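Have a look at the structure below, then the notes.
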Ligand SMILES: NC(=O)c1ccc[n+]([C@@H]2O[C@H](COP(=O)([O-])OP(=O)(O)OC[C@H]3O[C@@H](n4cnc5c(N)ncnc54)[C@H](OP(=O)(O)O)[C@@H]3O)[C@@H](O)[C@H]2O)c1
């Protein structure tokens, strides 16, 4: 796959390197083309670097790591994103005292509104950069969930595969509207990691359990709740 990174900071550098290690062609984009090239050199995996516009032109899948900056603001040719997959890994800025406002429209939905012909996928926002440092091994042993929400089913599957390749357990989270819930999980895990001094490696894993062999509690009965 050809993957373009928009914003070569912590998330862009980490995921770009991990995907390049899996044999994908990666282009690190930046506001400063020289920085993009420097990150590509740091990766030492035959990756390329340059401007954000070049990264979009190069790629089929784009990782959008720039919070609060829309393609129509950042790119000279936002229409170059038409038909392409954009992975949105962003979380809202942490407010004073972790008093998060309710999410009535996700960052991913805002992105999709800005470039309606692109295929926006929410993913990779519920784990800290430190978790990527463990990928793909020994991370794979821990079954860390990557929640993947998108309206385009094929795009969702592609991103689930990209998550699986680097040691995560992808969870199909349905349509892009559900990015509101996924972003809420990103807020929650940051509260646990940096709001409560419990360490940088806390993360979220969803477990699929077997059915109980006997229903000794009476099992689930029809509810009378409306
Ligand atoms: N770090 C984590 O542990 C983590 C985990 C999950 C989700 N996230 C989310 O992922 C997003 C990125 O986080 P990060 O840690 O990678 O941040 P970061 O290290 O600051 O990287 C973000 C990059 O965005 C670009 N950028 C910043 N301001 C910009 C502007 N005004 N206009 C255009 N480009 C701008 C910069 O890239 P260039 O200088 O190359 O242009 C910067 O390096 C955030 O929304 C964050 O909440 C972070």
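The values are calculated or read from the model by the stated rules, or taken from the named source; none is laboratory data. From a predicted model like this one, the values you see are computed outputs, not experimental measurements. Ideal geometry is used to build each Cβ from the backbone, glycine not excepted, and the neighbour counts take in all protein chains shown.
What number of residues within region 1-50 satisfy the criterion of being within 16 Å of residue 163 (Cα to Cα), in a helix (DSSP H, G or I) and either modelled with pLDDT under 95 or within 14 Å of the ligand (Cβ to nearest atom) (or both)?
Count: 8.
Being over 17 Å from residue 156 (Cβ atoms) and outside any helix (DSSP H, G or I) is the filter here, so list the residues in region 93-114 that pass it.
Across region 93-114, the qualifying residues are 93, 94, 95, 99, 100, 101, 102, 103, 104, 105.
Is there any pair with a first residue in region 27-48 that is without any contact (Cβ under 8 Å) to a residue 60 or more places away in the chain and a second that is surrounded by fewer than 17 Cβ atoms within 10 Å (Cβ to Cβ) and part of a helix (DSSP H, G or I) whose Cβ atoms are under 7 Å apart and which are 6 or more apart or on different chains, and what are they?
Here the result reads 45/21, each pair linking region 27-48 to a residue that is surrounded by fewer than 17 Cβ atoms within 10 Å (Cβ to Cβ) and part of a helix (DSSP H, G or I).
Which ones in region 170-188 are under 14 Å from the mean Cα position of the chain (by Cα) and in a helix (DSSP H, G or I)?
Within region 170-188, 176, 178, 179, 180, 181, 182, 183, 184, 185, 186, 187 meet the criteria.
Looking at region 126-143, which of its residues are surrounded by fewer than 15 Cβ atoms within 10 Å (Cβ to Cβ) and either in contact with a helix residue (DSSP H, G or I) (Cβ under 6 Å, 6 or more places away or on another chain) or not in a helix (DSSP H, G or I) (or both)?
129, 133, 137, 138, 143
Quick grid of which residues meet (1) surrounded by fewer than 18 Cβ atoms within 10 Å (Cβ to Cβ); (2) within 14 Å of the chain's Cα centre (by Cα); (3) over 22 Å from residue 58 (Cα atoms):
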| residue | (1), (2), (3) |
| --- | --- |
| 82 | yes, no, no |
| 87 | no, yes, no |
| 122 | no, yes, no |
| 145 | no, yes, yes |
| 156 | no, yes, no |
| 168 | no, yes, yes |
| 191 | yes, no, yes |
| 194 | yes, no, yes |
